[in-house]
Amino acid sequence: MLLDGKKISEEVKAELAVEVKALIADGHRAPHLAAILVGNDGASETYVASKVRACERIGFGSTLVRLPDSVSEDRLLQEINAINNNEEIDGLIVQLPLPKHIDEQKVTESVVPEKDVDGFHPVNVGKLVLGLPTFVSATPKGIMELLARYNIETSGKHCVVLGRSNIVGTPIANLLSRNSNPGNCTVTLCHSRTKNLADFTRSADILVVALGKAEFVTADMVKDGAVVVDVGITRVEDSTNPSGYVLKGDVAFDEVEPKASYITPVPGGVGRMTIAALLQNTLQARKNRIKPN
Ligand code: NAP
């Protein structure tokens, strides 16, 4: 069965639109998300455009700041600082990756934690690890929402996560192992140095794959009845497609789907949920900034 990120993200967005109306009816302004896009990488352009469009559709304000590839680190930091101090903006994301001459960590740390709706700032990552309220980064948050809304049983299950990035693999491993629902999994975190990877993946009740390697996980690597969450998005050349490429996940969907009890498609799975979760964080940032009377 499909874990339909497209459908569930529409549900989440409809709920958010209702909350925005309620905020406005209470005399507050709508949440406002700012996005900074450096350069013109095709995939980044697409992601940022979807985020801005999603904001507009549910009644959030949005600001897109475009800077050239050649922008200096100082200039970018100034732009971030201006948004940090702008009372009309609740959330700020800087689309990654950044050009090589810019220090990504420095940039991440320059966004004030209160507006860091991507949940990348060390303060927010630290809070996540401690289980304190924070902005959980959008992709793992979206995956948790998807599992919750499909009532996927996670307690006591063996969850295998492939990939240990700071934005996906590590936080989802943390969230699924904590004492919560979804959660309470026994988690194994695999990476490029893991030996006999398929022995781990075949023992997974829940398999979360975040590698960035198109169709890496094949049917022989998956246990019958497993829940498979495919985070990967890779553009693979395809001359038959007008865009010249197709999007592929990290899982060979056609062969794995018959074995899985639940599986996310690509596109239409985790990517959609990521945007919905970013919007949830932005609404939360807005609410956090409303002072009680
Ligand atoms: P990343 O930073 O590129 O890290 C990839 C991880 O995979 C690393 O931990 C790496 O191990 C591990 N890995 C690579 N090859 C491996 C192998 N053969 N066996 C086992 N582990 C291996 O990844 P990311 O930023 O998390 O992104 C992963 C994918 O998800 C990409 O396709 C990205 O575009 C996609 N993504 C999608 C969304 C969404 O909204 N759907 C959001 C974020 C990312 P080492 O640490 O040992 O190098």
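The values are calculated or read from the model by the stated rules, or taken from the named source; none is laboratory data. These figures come from a predicted structure and were not determined experimentally. For neighbour counting, all protein chains shown are included, and Cβ atoms are generated from backbone atoms with ideal geometry for every residue, glycine included. What goes into the accessible areas is simple: the full protein's heavy atoms, side chains included, and nothing from ligands, DNA or RNA. Shrake-Rupley method; radii C 1.70, N 1.55, O 1.52, S 1.80 Å.
Rounded, prolate or oblate: pick one for the range 1-143, where a ≥ b ≥ c are the square roots of the eigenvalues of its C-alpha gyration tensor, a/c under 1.5 means rounded, and failing that, prolate if a/b is larger than b/c, else oblate.
rounded
In degrees from 0 to 90, rounded to the nearest 10, what is the angle of the helix 270-289 Cα long axis to the longest principal axis of the chain?
Approximately 40 degrees, to the nearest 10.
Considering only Cα-Cα distances, which of the following residue pairs are longer than 29 Å: Lys7/Lys157; Lys6/Lys287; Lys21/Lys106; Lys213/Lys287?
Cα-Cα > 29 Å for Lys21/Lys106; Lys213/Lys287; rest within.
With every protein chain kept in the model, how would you rank Asp26, Asp41 by accessible area, 1.4 Å probe, largest at the top?
Listed by decreasing accessible area, they come as Asp26, Asp41.
Report the percentage of all Cα-Cα pairs in the chain whose separation exceeds 25 Å, rounded to a whole percent.
In whole percent, the long-distance tail amounts to 49.
Heavy atoms only, 1.4 Å probe, whole protein assembly: order Ser239, Ser50, Ser155 by accessible area, highest first.
Ser239, Ser155, Ser50
Using θ = phi - 60° and the Karplus form 6.51 cos²θ - 1.76 cosθ + 1.60, what ³J(HN,Hα) does each residue of the range 177-185 get, whole Hz, x for Gly and Pro?
8, 6, 7, 7, 10, x, x, 6, 7
Per-residue accessible area for Met273 at 1.4 Å probe radius, Å² rounded to 10?
About 0 Å², rounded to the nearest 10.
In terms of modelled amide H atoms, which long-range or inter-chain residues lie less than 5 Å from the amide H of Leu67?
Residues meeting the criterion, in which the H sits 1.01 Å from N, are Leu37, Val38, Gly39.
Roughly how big is the chain's charge dipole about its Cα centre, with Cβ charges of +1 (Lys, Arg) and -1 (Asp, Glu), in debye to the nearest 20?
Dipole magnitude for the chain comes out near 540 debye.
Going from most exposed to least, what order do Asp250, Asp69 have by accessible area with a 1.4 Å probe?
Asp69, Asp250
³J(HN,Hα) across the range 119-129 via Karplus (A = 6.51, B = -1.76, C = 1.60, θ = phi - 60°), whole Hz, x for Gly/Pro?
Whole-Hz 3J(HN,Hα) from phi for the range 119-129: x, 9, 5, x, 4, 6, 5, x, 5, 4, 5.
Which of the three applies to the range 210-264, rounded, prolate or oblate, going by the alpha-carbon gyration tensor with a ≥ b ≥ c and a/c under 1.5 meaning rounded?
Prolate, since a/c reaches 1.5 and a/b exceeds b/c.
Per the helix-only calculation at 222 nm, which mean residue ellipticity applies to the chain, given -39500 (n - 2.57) for every DSSP H run of n ≥ 4 and division by its residues, nearest 500 deg cm²/dmol?
The per-residue figure over the chain is -12000 deg cm²/dmol.
Just the C-alpha atoms of the range 119-163: what Rg/Rh do they give, with Rh taken as the Kirkwood radius?
That ratio is 1.01, to two decimals.
Please report, to one decimal in angstroms, the Kirkwood hydrodynamic radius of the range 163-293 built from all distinct Cα-Cα pairs.
Hydrodynamic radius (Kirkwood, Cα only) of the range 163-293 equals 16.3 Å.
Express as a percent, rounded to the nearest 5, the fraction of DSSP beta bridges in the range 162-293 (both residues included) that run antiparallel.
30
Assuming 0.36 nm per residue, please report the length gained on full extension of the stretch Ala148 to Ser192 beyond their Cα-Cα distance.
Taking 0.36 nm per residue and subtracting the Cα distance, the gain is 12.9 nm.
Over all pairs of distinct alpha carbons, what does the Kirkwood formula give as the hydrodynamic radius of the range 194-237, in Å?
Hydrodynamic radius (Kirkwood, Cα pairs) of the range 194-237 is 11.1 Å.
Shape of the range 22-71 from its Cα gyration tensor (a ≥ b ≥ c, root eigenvalues): rounded if a/c is under 1.5, otherwise prolate when a/b > b/c, or oblate?
Oblate, since a/c reaches 1.5 and b/c is not below a/b.
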